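Read the structure below first, then the notes.
The values are calculated or read from the model by the stated rules, or taken from the named source; none is laboratory data. Small disclaimer: the values here were computed from a predicted structure and weren't measured. Quick reminder, even Gly has a Cβ in these numbers, built from the backbone with ideal geometry, and neighbours come from all protein chains shown. Just the protein is used for accessible areas: all its heavy atoms, side chains included, with ligands, DNA and RNA removed. Shrake-Rupley method; radii C 1.70, N 1.55, O 1.52, S 1.80 Å.
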Amino acid sequence: MDVKTLEVLEFPKILERLAQHTAFAAGRERALALKPASSLRKARSLQAETTEARALLASHPGIGLRGVRDIRPHVEAARRGITLAPEALLEIKATLARSRDLRRDLLRLQTEAPRLADIAALLPPPIGLIDAIARTLTDEGEIPDSASPTLARLRADMTLARQRLTRRLERMVRDPAIVPMLQEPIVTQRGGRYVLPLKAEFKGRLKGIVHDRSASGATLFVEPLPIVEINNHLRELERAAEQEIRRLLAALSQEVAIHADTLLQAVETLARLDVIFGKAALAEQMEATAPRLVPFRPRPLASPSGRGKGESPQQGEGQGGKVRATPETTAPTHPGVTLRLLGARHPLLPLETAVPIDLVLDEDIFALVITGPNTGGKTVTLKTAGLLALMAQAGFHIPAEEGSALSVFANIFADIGDEQSIEQSLSTFSGHMRNIVRILKRADSRDLVLLDELGAGTDPQEGAALARAILDHLVRRGVTTLVATHYPELKLYAHATPGVANASMAFDAHTLRPTYRLVVGLPGRSNALEIAQRLGLSEEIIAAARAGFHPDDLKADALLDEIHRQRRLARKERRRAEKARRRAEALRAKLARRLAEIDKERRQVLAEAQSQAQAEVEALREEIRTLRRRLRRLLPPAEALEAQNELRTAQQAAEALETEVEERLTALEAETAPPEPPPVAGPPPPLAVGAKVHVERLNAQGTVSALDEEAGEAEVVIGALRVRTPIRDLRVLAPPPPQGAAVGESSVRVPEVASPGMALDLRGLTADEALERLDKYLDQAYLAGLPFVRIVHGKGTGRLRAAVRDALERHPHVRAWESGLPQEGGDGVTIAKLAGE
């Protein structure tokens, strides 16, 4: 992609905004180095990644790269044999832990985000480094006694030596012969050795080694000779412990060096994911949408009626002059470009003040001549088109409405802004010409060219002729071109040339202000006389100026004014209709949610009533069985027989009570059932491809994309998914439309999964093994429709329990969890309640 164009269109500023949404330094570097793709396949892949990340952030807000650090400097230092500090090792541990969790999460969500799952598969599986660092370092960076047996022994010996030392010193500070010589009866330290604060005047009275003196010189800090050997022994133990700590850190650093390539690959993959999630976050901030990227479809361009093949406007003889064809001119070929930007906003303008524009090239148009008053928005329109194309090809969602579509350009060239350079002795015209010459040498039919004020900066007549010749050269080569100009000659050229159209920036003559809206198909006006009149120029001068116009030009201006007014009215009515449609859809969605809540409450009430009734009946039956057993043991056979007859009568009463409860529940369910939709006149809509249906199994609506009546199955598009499901599970809501709607590309089959059991025992496994088994078990349990499961992890140190509960907290299939009851195992068991389908 042309480097100068990236700067002119301010693409680096978009990268700066992207970098603000990255999580760590490596992601920021990758974001700032991002370049637009020049192939359709690559650009579509980048767009799909952003779309998947945006959907995941909406459905799983906890997913992301928080806690990841740029560990590349630490890895390179370890490679050079440098012993890493505890803080560096903890950053490596945190990064690997987040890498492990992100890999597991994205692989589990492969159906929702297949491209992100493929990237996550590049992250390394657990390599043991996390556990090694955790055994050696606490979360605060301290080395615990359990880091090695040698360190535990040394620290135990240090504790004993310190206790012996302090006991000897405490006896000395309580000795009546020594206390008068001390400034204070305390034990302190100097240079890592235990000393007593001795008054200076008693120097020599207490035999020992002076390690320090106070600032005033009144106090000497003396190590008494009787404790020198103990102090020496303690210092030896401390040095040995420090050496053991250095050995442990060196061993961990060596492990880091061994896995250096794996760690660097992990950082690179995490940075790639960081940029993708950053694009998704930026898209949410900009309220952007995913553009549709389409290929070029070159085709011949038919000449308009009245012009023979090979003719092209080359020179006008004044206003309305005749067009002359030259022998070397050939009929232009349409490059087959698609440029459809609906409600497009410049991404660097404030969201609340940016005016959206519709920039749409019709099927027969690939070049646009934009005219209008100064400061009317022509330059911003060119920059918006170019910058949004760059963003789309770099995988960004663009600030435009749904339905926007773009071709993927091999290159984008822009000549926008003042090219004047005092240092290079270039005037504005010379600077523009040098840039345009460079563009003309490189541009072809797969490129986009943006030219602002083409031919400006020189004599108007020569500039107009040059601008027309340059534009005609680009059109004949089939180059997609957008030109902003004031020259009326280019308006005539656009009107008379196939493949070229006029466009204008709308202007409000009442307020003397531009509206910044683009109107494709109509040339613009300078509105100079209207502005001058409203600013107070005398009517006499205005009238004299109007007299200089040809009458046909005045009629054309009046006609343009009326066309602009009718377009404004049509746009206003369209917005009003769109607003009404959105209100209706919001109301429909609100009512659907309320009906779903009512149905859920109804089912819950029925379930509770049924459960309570069944519990009462079961309690009555158990009481009857208990009484029967007691009667057999206590009564004679004759009396027992009579009592059993009475019990049989009571049992029949209990069964009758159960039947009555079932009948009442059935009646209650019928009374509280949601109202049926009103009957539709005529026969029900047929089940056919394109029909809108309700999938009972998934409680979702979709569109039929394929039918297999022999197998009794249908393929239904629900959002971005294709689902195969039995035809009997479908209820037709609406017949197929006249033209089939487009369907998504991914396809899944509704699985039938056997229950994995209500409990999972993880005792005896490492944390990584347990989490991997837990993840598979929860997926199977969810697909099998289990309401809850028991996870047995034991009590132990609590580390496995914490890892399990942290995984349950973030798992998409788990809506809540709680500790087991005392009879279930207490804190050694966790009950996970699964989300419903």
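Screening region 1-101 for helices (runs of 4 or more DSSP H) wholly inside it with 2 or more residues that are more than 30 Å from Glu142 (Cα to Cα) returns the ranges 3-8, 11-19, 25-32, 40-59.
Being charged (D, E, K, R) and either crowded, with 16+ Cβ neighbours inside 10 Å or outside any loop (DSSP other than H, G, I, E, B) (or both) is the filter here, so list the residues in region 766-796 that pass it. Walk me through how you get there before you give the answer.
We begin by selecting, within region 766-796, every residue charged (D, E, K, R); these are 768-769, 772-773, 775-776, 779, 790, 795.
Result: Asp768, Glu769, Glu772, Arg773, Asp775, Lys776, Asp779, Arg790.
Residues in region 350-367 that are surrounded by 17 or more Cβ atoms within 10 Å (Cβ to Cβ) and not hydrophobic (A, V, I, L, M, F, W, C): Pro356, Asp358.
Looking at the structure I just gave you, is Ala496 at pLDDT 80 or above and open to solvent by less than 80 Å² (accessible area, probe 1.4 Å)? If you could, list the steps in order and put the result at the bottom.
On the way: at pLDDT 80 or above: yes; open to solvent by less than 80 Å² (accessible area, probe 1.4 Å): yes.
Taking the combined requirement at face value, the residue satisfies it.
So which residues in region 105-151 are open to solvent by 40 Å² or more (accessible area, probe 1.4 Å), part of a helix (DSSP H, G or I) and polar (S, T, N, Q), if there are any at all? If the condition is that a residue be open to solvent by 40 Å² or more (accessible area, probe 1.4 Å), part of a helix (DSSP H, G or I) and polar (S, T, N, Q), then Ser146, Thr150 are the ones that fit.
Among the residues making up region 814-837, those that are in a loop (DSSP other than H, G, I, E, B) and either in contact (Cβ under 8 Å) with a residue 60 or more places away in the chain or open to solvent by 40 Å² or more (accessible area, probe 1.4 Å) (or both) are Leu821, Gly836, Glu837.
Here the strands (runs of 3 or more DSSP E) wholly within region 170-223 that include at least 3 residues being surrounded by 17 or more Cβ atoms within 10 Å (Cβ to Cβ) are 193-199.
Taking region 797-810 as the range and being open to solvent by 60 Å² or more (accessible area, probe 1.4 Å) and either touching a helix residue (DSSP H, G or I) at 6+ places or on another chain (Cβ under 6 Å) or charged (D, E, K, R) (or both) as the test, the residues that pass are Arg799, Arg801, Asp806, Glu809, Arg810.
Return the residue satisfying two criteria in turn: it lies in region 391-418 and is among the hydrophobic types (A, V, I, L, M, F, W, C) and assigned to a loop (DSSP other than H, G, I, E, B), and of such residues it is farthest from Thr5 (Cα to Cα). Top of the filtered list is Ala400. Among residues of region 701-728 that are over 25 Å from Thr51 (Cβ atoms) and modelled with pLDDT under 75, none has a beta-carbon under 7 Å from a residue that is surrounded by fewer than 16 Cβ atoms within 10 Å (Cβ to Cβ) and among the aromatic types (Phe, Trp, Tyr) at least six positions away or on a different chain. Within region 129-141, the residues that satisfy the criterion of being of a type outside the set (Val, Ile, Thr) and touching a residue at least 12 places away in the same chain (Cβ under 8 Å) are Leu129, Asp131, Ala132, Ala134, Arg135, Leu137, Asp139, Gly141. Of the residues in region 221-243, not one is touching a residue at least 60 places away in the same chain (Cβ under 8 Å), assigned by the TED database to the domain that holds Arg28 and charged (D, E, K, R).
Condition (residue is in contact with a Gly (Cβ under 8 Å, 6 or more places away or on another chain) and either closer than 29 Å to Pro125 by Cβ or at pLDDT 85 or above (or both)) applied to region 763-777: is it met by at least one residue? Yes - at least one qualifying residue is present in region 763-777.
Working carefully through the options Ala31, Ala19, Ala25, Ala43, find the one that is small (Gly, Ala, Ser), touching an Asp or Glu at 6+ places or on another chain (Cβ under 9 Å), in the same structural domain as Lys279 (by the TED database) and within 12 Å of Ala394 (Cβ to Cβ). Walk me through how you get there before you give the answer.
Values: Ala19 fails: within 12 Å of Ala394 (Cβ to Cβ); Ala25 fails: within 12 Å of Ala394 (Cβ to Cβ); Ala43 fails: touching an Asp or Glu at 6+ places or on another chain (Cβ under 9 Å).
Within the list Ala31, Ala19, Ala25, Ala43, the selection yields Ala31.
Mind telling me which of the residues Arg434, Arg438 ends up being at pLDDT 90 or above, open to solvent by 20 Å² or more (accessible area, probe 1.4 Å), of a type in the set (Lys, Arg) and not in a strand (DSSP E or B)? Steps first, please.
On the way: Arg434 fails: at pLDDT 90 or above.
Going through Arg434, Arg438 in turn, the sole match is Arg438.
When restricted to residues that are touching a residue at least 40 places away in the same chain (Cβ under 8 Å), surrounded by fewer than 17 Cβ atoms within 10 Å (Cβ to Cβ) and farther than 21 Å from Ala250 by Cα, region 61-86 contains 2.
The number of residues in region 755-765 being open to solvent by less than 80 Å² (accessible area, probe 1.4 Å), in a loop (DSSP other than H, G, I, E, B) and either out of contact with any Lys or Arg (no Cβ under 8 Å at 6 or more places or on another chain) or not aliphatic (A, V, I, L, M) (or both) comes to 3. Among the residues examined, Thr353 qualifies as hydroxyl-bearing (Ser, Thr, Tyr) and either touching a helix residue (DSSP H, G or I) at 6+ places or on another chain (Cβ under 9 Å) or without any contact (Cβ under 8 Å) to a residue 40 or more places away in the chain (or both). Of all residues in region 446-493, those satisfying the criterion of being surrounded by fewer than 19 Cβ atoms within 10 Å (Cβ to Cβ) and of a type in the set (S, T, N, Q) are Thr458, Gln461. Against the numbered list (1) open to solvent by 60 Å² or more (accessible area, probe 1.4 Å); (2) at pLDDT 80 or above, His550 comes up short only at (2). Given the criteria within 16 Å of Leu160 (Cα to Cα), part of a helix (DSSP H, G or I) and open to solvent by 90 Å² or more (accessible area, probe 1.4 Å), does Glu229 qualify? Yes: the conditions hold for Glu229. Across region 1-50, the number of residues qualifying as among the charged types (D, E, K, R), open to solvent by 60 Å² or more (accessible area, probe 1.4 Å) and within 18 Å of Arg446 (Cβ to Cβ) comes to 4.
Return the residue satisfying two criteria in turn: it lies in region 288-305 and is surrounded by fewer than 16 Cβ atoms within 10 Å (Cβ to Cβ) and not in a loop (DSSP other than H, G, I, E, B), and of such residues it is modelled with the lowest pLDDT.
Within region 288-305, the match that is modelled with the lowest pLDDT is Pro300.
Residue check: His694 meets all listed conditions (1) modelled with pLDDT of 75 or more; (2) open to solvent by 70 Å² or more (accessible area, probe 1.4 Å) but one, namely (2). The sole residue among Ala156, Ala161 that is among the small types (Gly, Ala, Ser), touching a residue at least 24 places away in the same chain (Cβ under 8 Å) and in a helix (DSSP H, G or I) is Ala161.
Identify all residues within region 797-813 that are more than 30 Å from the chain's Cα centre (by Cα) and in a loop (DSSP other than H, G, I, E, B); write none if there are none.
Pass one, region 797-813, residues more than 30 Å from the chain's Cα centre (by Cα): 797-801.
If the condition is that a residue be more than 30 Å from the chain's Cα centre (by Cα) and in a loop (DSSP other than H, G, I, E, B), then Thr797, Gly798 are the ones that fit.
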